[in-house]
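Everything below concerns the one structure shown next.
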Amino acid sequence: MIKVAVPSRGNLVDQHFGHCESFTIFTVDDQKDISEDSRLTPPPDCGCKSDVVTTLVDMGVTVLIAGGMGQGAVAYLNESGIRVIRGASGPVLEAVRAWLDGRLHDNDEVCHAHGEAGCPGH
């Protein structure tokens, strides 16, 4: 079983990890059946500066599928045991399916706009 988190805005992949509306948490079983587990609402400040990563780890999340994020957030997630896949877009469930089917791979793209977006110090 795998737990996957997707930064979300409604039912779409949010393009900015640190300011997402929520994280949609999915459970994927050994047969690759996907079920939505829960939604986690991060604190109102920049999620990359909060304890949201610790909460995701405590929930058993080992994969995070995202649109974009800064290298500091990627490093922190990786150090916490969460594999990061960047470059997703569209409906959250489709992003998880694309990753499971091998159609979505980490694009290694780093978001450089954090200083202007209210998350200085990345």
Practice item. Enter the accessible area per residue of region 37-96 (Å², integer; probe 1.4 Å; all protein chains in place). Key: 42
Review point. Once fully extended, how much extra length lies between ASP58 and GLN15, figured as 0.36 nm per residue of separation less the alpha-carbon to alpha-carbon distance?
Key: 13.1 nm
Check your understanding: With each label point set 7 Å from Cα along the Cα-Cβ vector, what nm distance links LYS32 and ALA75?
Key -> 3.5
Revision key, fill the gap. A 1.4 Å probe over the protein heavy atoms gives region 1-76 a carbon and sulfur accessible-area percentage of 52
Revision key, fill the gap. At R0 = 25 Å the Cβ-Cβ FRET efficiency linking ARG39 and ASP106, nearest 0.05, sits at 0.60
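The values are calculated or read from the model by the stated rules, or taken from the named source; none is laboratory data. The shown structure was predicted, so the numbers you read here are calculated from the model rather than taken from an experiment. Note that each Cβ is placed from the backbone with ideal geometry, even for glycine, and that neighbours are counted across all protein chains shown. With ligands, DNA and RNA removed, areas are computed over all heavy atoms of the protein, side chains included. Shrake-Rupley method; radii C 1.70, N 1.55, O 1.52, S 1.80 Å.
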